[in-house]
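A short write-up of the structure that comes next.
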Amino acid sequence: MLLGDFETAQNISEMANKILGEIEDALPTPLNPRVGISLYPDAGTDITVLTHRATIALTAAHDKSSSRVRMWSDARSSPTDNTYRLASDLGRALPHGEIELHYQPKVSAATGHVSGMEALVRWYHPWFGRIEPDEFVPLAEQNGLINQLGDWVLFTACRQLRYWQDEGLAPGTMAVNVSAHQVARLDFAETVRRAIRDSGITPESLTLELTESAVIRDDASTAESIKELCALGVRFSVDDFGTGHATFSNLRNLAVDSVKIDRSFLAGMVLHGQDAVIVEAIIVMADRHGLSVIAEGVENIDQYQRLRELGCAEIQGFLLSTPLAEDEMATFLASGHQLTA
Ligand code: C2E
Ligand code: CA
Ligand code: CA
């Protein structure tokens, strides 16, 4: 049931109780009906997530006989309990097939044609529903599972790229997010080499996205891994550029190929002067250092046009596409989509 036009969550609970009352009055046998509610946008912004979370709330309403109407937000236990529970469930998520990759395409600003994509990890928890990577990647980093998770992401993304290449879908390059913990590992370069070899892709078709914090960490084994993989032909990109403390001189010592301007700058780019100035400065400086620039979080055509004028090389964002499931991405690639300014 879809309800709109209510003032408070309390109103909607009352409404649900009223509906339960009506059902019971109308039926001769006791059915013991229950209601689970998820509120837009707190519990999610798409119908799949909202429905899933309403189901979670419904299960909670059945578990706890005290209240027959449950909100998803209340059905989740306290944040600390959740964190604890998620951290312990994460270990089982991979073997249970709860982890998936979605892929967000990017285009060359010059041609508007797909130049590659980024693999983004998703967790479909059997109880909590979809959990965002911003929530569980830090947990994986804390409890050490990031290595296992990161390896899985890397191998899956490389295999998927090869599969699409073999299908003749011209997927371009594959970008994989790598956490600082992974790169600092002594066997990181060897793991990447193995993922490339096992999948049969070329090193040039793989880009590793590192955050600024990984780049500025003055860590010998990180620098060594990057150097070794660069020599092999793997590309490196600095993610969320502009939000942390990385400078272009930090990048000079590392064999980095591109920077990815953080989406927070794009949000205000056309409207607010200040962000536009930062974006321009990054593009100019990057060019001077021989780095190419990718803009993420591009949501409208004005931003796209402005970025093209400024000489930004690649564009990614909702204007082109949201991250897509594997089959959706195949359809997207097959459509030969071109972004026109
Ligand atoms: P990120 O690398 O900056 O990824 C881009 C995020 O921006 C994605 O969120 C994507 O869905 C979102 N996004 C893309 N286009 C737009 C747009 O036009 N507008 C807006 N508002 N947002 C847009 P997501 O998938 O939730 O990922 C969040 C972060 O989680 C990523 O940020 C990345 O740092 C991390 N992450 C994701 N997958 C992995 C992974 O496999 N390994 C590691 N270590 N981190 C990952
Ligand atoms: Ca990224
Ligand atoms: Ca980013």
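The values are calculated or read from the model by the stated rules, or taken from the named source; none is laboratory data. What you see is a predicted model; the values in this text were computed from it and never measured. Note that each Cβ is placed from the backbone with ideal geometry, even for glycine, and that neighbours are counted across all protein chains shown. With ligands, DNA and RNA removed, areas are computed over all heavy atoms of the protein, side chains included. Shrake-Rupley method; radii C 1.70, N 1.55, O 1.52, S 1.80 Å.
Can you tell me how many residues within segment 204-218 are open to solvent by less than 50 Å² (accessible area, probe 1.4 Å) and charged (D, E, K, R)?
2
Only one of V137, V153 is out of contact with any Phe, Trp or Tyr (no Cβ under 8 Å at 6 or more places or on another chain), within 21 Å of L333 (Cβ to Cβ) and aliphatic (A, V, I, L, M). Can you tell me which?
V153
Exactly one condition in (1) more than 24 Å from G172 (Cα to Cα); (2) within 16 Å of ligand 1 (Cβ to nearest atom) is not met by M285; state its number.
(2)
Go through segment 219-238 residue by residue and tally those that are in contact with a helix residue (DSSP H, G or I) (Cβ under 9 Å, 6 or more places away or on another chain), part of a strand (DSSP E or B) and either open to solvent by less than 10 Å² (accessible area, probe 1.4 Å) or over 28 Å from I196 (Cβ atoms) (or both).
Total satisfying the criteria: 2.
Restricting the first residue to segment 185-211 and requiring it to be closer than 22 Å to D166 by Cα, which pairs with a second residue that is in a loop (DSSP other than H, G, I, E, B) meet a Cβ separation below 6 Å and a spacing of at least six or different chains?
Matching pairs, first to second residue: P203/G233; P203/V234; E204/G233; L206/V234.
If you go through segment 236-250 one residue at a time, do you hit one that is on the phi > 0 side of the Ramachandran plot, assigned by TED's automatic domain parsing to the domain that holds K106, within 16 Å of ligand 3 (Cβ to nearest atom) and of a type in the set (G, A, S)?
yes
Looking at G168, is it within 16 Å of ligand 2 (Cβ to nearest atom) and at pLDDT 95 or above?
When the stated conditions are applied, G168 does not pass them.
In segment 281-328, what residues are open to solvent by 60 Å² or more (accessible area, probe 1.4 Å) and either in contact with a helix residue (DSSP H, G or I) (Cβ under 6 Å, 6 or more places away or on another chain) or within 16 Å of ligand 2 (Cβ to nearest atom) (or both)?
Passing the criteria: M285, H289, F318, T322.
Can you find a residue in segment 215-233 that is without any contact (Cβ under 8 Å) to a residue 40 or more places away in the chain and within 14 Å of ligand 1 (Cβ to nearest atom)?
Looking through segment 215-233, none of the residues is without any contact (Cβ under 8 Å) to a residue 40 or more places away in the chain and within 14 Å of ligand 1 (Cβ to nearest atom).
Which numbered condition trips up G168, out of (1) assigned to a helix (DSSP H, G or I); (2) on the phi > 0 side of the Ramachandran plot?
So G168 meets the others, but not (1).
If you take the residues of segment 128-165 that are within 16 Å of ligand 2 (Cβ to nearest atom) and free of Cβ contacts under 8 Å to residues at least 12 places away in the same chain, which of them is farthest from Q338 (Cα to Cα)?
Filtering first and then ranking leaves P138.
Scan A267, A175, A189 and give me the residue that is aliphatic (A, V, I, L, M) and open to solvent by 30 Å² or more (accessible area, probe 1.4 Å).
After ruling out the rest, the residue left standing is A267.
Got a number for residues in segment 117-128 being away from ligand 1 (no atom under 14 Å from the Cβ) and over 17 Å from P95 (Cα atoms)? Give the derivation first.
Applying the first criterion (away from ligand 1 (no atom under 14 Å from the Cβ)) to segment 117-128 yields 125-128.
Filter once more, keeping what is over 17 Å from P95 (Cα atoms): 128.
Result for segment 117-128: 1.
Every residue, every condition in (1) among the small types (G, A, S); (2) open to solvent by 30 Å² or more (accessible area, probe 1.4 Å), yes or no:
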site	(1), (2)
L86	no, no
A93	yes, no
A140	yes, no
L161	no, no
G168	yes, yes
A184	yes, no
S199	yes, no
T202	no, yes
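Filtering segment 171-180 down to residues that are under 14 Å from Y103 (Cα atoms) and β-branched (V, I, T), which residue is farthest from ligand 2 (Cβ to nearest atom)? First the steps, then the outcome.
Applying the first criterion (under 14 Å from Y103 (Cα atoms)) to segment 171-180 yields 171-177.
Next cut, β-branched (V, I, T) only: 173, 176.
Details: T173: 13, V176: 9 Å.
Checking each candidate, the answer is T173.
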